[in-house]
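The block underneath contains the structure these notes are about, expressed in C-alpha cells.
Read-outs throughout are calculated quantities, based only on the coordinates presented, and are distinct from any laboratory measurement. Computed from a prediction, not measured in an experiment: that's the story for all the values here. Positions of Cβ are generated from backbone atoms using ideal geometry, with glycine treated the same way; all protein chains shown enter the neighbour counts.
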Amino acid sequence: MDIMQAIDTRISCRAYDGRTIEAEKLDQLEACIAECNAAGNVRMVLMRPENGGADLKLAKAMFAGQPSTYIAYIARTDEESRDRLGYYGEKVILFATQLGLGTCWVAGTYDRASAHVSLEPGEELHAVIPVGYPAPKTPLKQRTVRAALRRRDKKPTDVYAGYNVASAAVRAAIDAVIKGPSAVNGQPWVFIDTPGGIAATLPSVKSGIELLDLGIAKLHFELGATSAGVGGTWSWGIGGTFTRS
Ligand SMILES: Cc1cc2nc3c(=O)[nH]c(=O)nc-3n(C[C@H](O)[C@H](O)[C@H](O)COP(=O)(O)O)c2cc1C
C-alpha cells in the first residue's frame, strides 16, 4: 500500500478485535516513531502489550473491543510543538495503516488515569492512539458515529477559495486534506494564497486541539501535492507556508 492508498484507507478505527499484533510489526512501528520523534522534536511512546498497552480504557460509546497497544502522543504545549505533533503523529498513523493496523486519534474520550505515562515538566499528553487489528465488522453504534461526523465534511472551495482554478497538484493536496482526520471532524483549517505561497491557517482556536488538526492537514496537503509531482515543505505554526522544493 503506498502512502496515498493509506490516506484513502485510513479511518478512525472504532472496533478492535483480540488478535495479537506481531512483534515484528510493533518493532517496525517503533522504528517509525523513533524517526518521527527525532525529526519533529516530539515524544511519542509505543505502549506495547507487555508495557500495559491493554490497560487503556476507551469510552464505550465511541469504541468496541479492547486494543492491546496504544501510542502516547506527548509534546510541549506551545503552538509549534502541537502543530509538529499533528504532522508527525499522522505520519505514524499512516505508517500503521500501511502495516494493516487500525488506529484512531483520541484526545478526549478515554480515561486519562488508565494511560500510564510519566511526563517531564512542560510536557502534555495531547492524545492517545489505540493500535490493533480492526474487527471484521464494526458495530452499528460505532459506524453511526463515523457517518454522523463525516456528514460535516467541508467542500474543497470552503477549504481553499481558489480550488476550482488551482493546479492539479493543489487540488490533489486539498482533496487529501479533506480525507484526513480532525477532532470531531471539525476541519478547522483554511488554506489561503499569500506572497510567500499557500498558507495554512486557523480562523479560530478554541481548545487548542485545532493545532493538532493543523499539523495533520499540513502533512496530508504535502503528500497530496507530492503525489501530483509538486514536493515542498511547511513552516510551522498558524499561517505557516508551503515552500515548493
Ligand atoms: C486531534 C484529534 C482528536 C480526536 N479525538 C477523538 C476522541 O477523543 N474520540 C473519538 O472518538 N474520536 C476522536 N478523533 C477522531 C475524529 O472524530 C475523526 O478523525 C473524525 O470524525 C473523522 O473521521 P475519520 O477519522 O474516521 O475519517 C480525534 C481526531 C483528531 C484528529
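Distance between the pseudo-spin-label points of Ala23 and Lys141 (7 Å out from Cα toward the beta carbon): 3.6 nm. When you restrict to C-alpha pairs under 8 Å that are six or more residues apart and normalise by the size of the chain, the relative contact order lands at 22 percent. Taking the longest Cα principal axis of the chain as reference, the axis of helix 79-98 is set at about 70 degrees. Which residues does a label at Gln66 reach in the stretch 110-133, if reach means a backbone N under 17 Å from a point 7 Å past the Cα toward the Cβ? Counting backbone N atoms under 17 Å from the label point, the list is 110-116, 130-133. Give the residue from Leu85, Thr194, Ile7 lying farthest towards the positive end of the charge dipole for the chain; charges sit on Cβ (+1 for Lys and Arg, -1 for Asp and Glu) and the dipole is referred to the Cα centre. Farthest along the dipole direction, towards plus: Ile7.
Could you tell me which of the pairs Lys25/Lys60; Lys57/Lys179; Lys25/Lys155; Lys57/Lys137; Lys60/Lys206 are separated by over 31 angstrom between their Cα atoms in the structure shown? From the list (Lys25/Lys60; Lys57/Lys179; Lys25/Lys155; Lys57/Lys137; Lys60/Lys206), the Cα-Cα distance tops 31 Å for Lys25/Lys155. Principal-axis analysis of the Cα atoms of the chain puts helix 210-227 at an angle of about 70° to the longest axis.
Remark: relative contact order (the stretch 158-245) = 32 percent; criterion is Cα-Cα distance under 8 angstrom and separation of 6 or more residues. For the pair the stretch 1-55 / the stretch 79-99, the C-alpha centres are spaced 10 Å from each other. Hydrodynamic analysis of the chain uses the Kirkwood radius over alpha carbon pairs. Inserted into Stokes-Einstein at 10 °C and 1.306 mPa s, it gives a translational diffusion coefficient of 87 µm²/s. Residues Leu125, Leu212 in ascending order of nearby Cβ atoms (within 10 Å, fewest first): Leu125, Leu212. Compute the long axis of helix 168-179 from its Cα atoms, compare it with the longest principal axis of the Cα atoms of the chain, and write down the angle in degrees, 0 to 90, nearest 10. Tilt relative to the chain: about 30 degrees.
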